[in-house]
Amino acid sequence: MFKFLIIIFVFFFVVAKVGGFIIRLLFGSAVQRAQQQQQAQQRQSARKPTDGNVHIDYAPKDKSKPTKNFDGGDYVDYEEVKD
């Protein structure tokens, strides 16, 4: 019985090691490619000035200023749903 348990343990150990190696071969390049793309996106979005000030490249002109005589919006009727 003890010999059987040792053989089962060795079998699963070998299968786990070989399976991990095969999975790394199959999916390793895809994971590495995804990590490189993520790092490239972070580099592009992290372009901040070194002095800590924020620089705005484009600020649209505010042509549609809110009116002072705003009476409110439309009433939307709703029903409560109870479970």
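The values are calculated or read from the model by the stated rules, or taken from the named source; none is laboratory data. Not measured: the values here are computed from a predicted model. Cβ placement follows ideal geometry from the backbone for every residue including glycine, while neighbour counts extend to all protein chains displayed.
Exactly one residue out of LYS61, LYS82 is part of a loop (DSSP other than H, G, I, E, B), basic (Lys, Arg), surrounded by fewer than 10 Cβ atoms within 10 Å (Cβ to Cβ) and modelled with pLDDT of 75 or more, and it is LYS82. Just a yes or no: is a residue in the stretch 46-54 in a loop (DSSP other than H, G, I, E, B), at pLDDT below 75 and surrounded by 10 or more Cβ atoms within 10 Å (Cβ to Cβ)? Scanning the stretch 46-54 turns up at least one residue that is in a loop (DSSP other than H, G, I, E, B), at pLDDT below 75 and surrounded by 10 or more Cβ atoms within 10 Å (Cβ to Cβ). Cβ-Cβ contacts under 6 Å between residues 6 or more apart (or on different chains), taken from a first residue in the stretch 56-83 that is polar (S, T, N, Q) to a second residue that is modelled with pLDDT under 75 and assigned to a loop (DSSP other than H, G, I, E, B), are absent.
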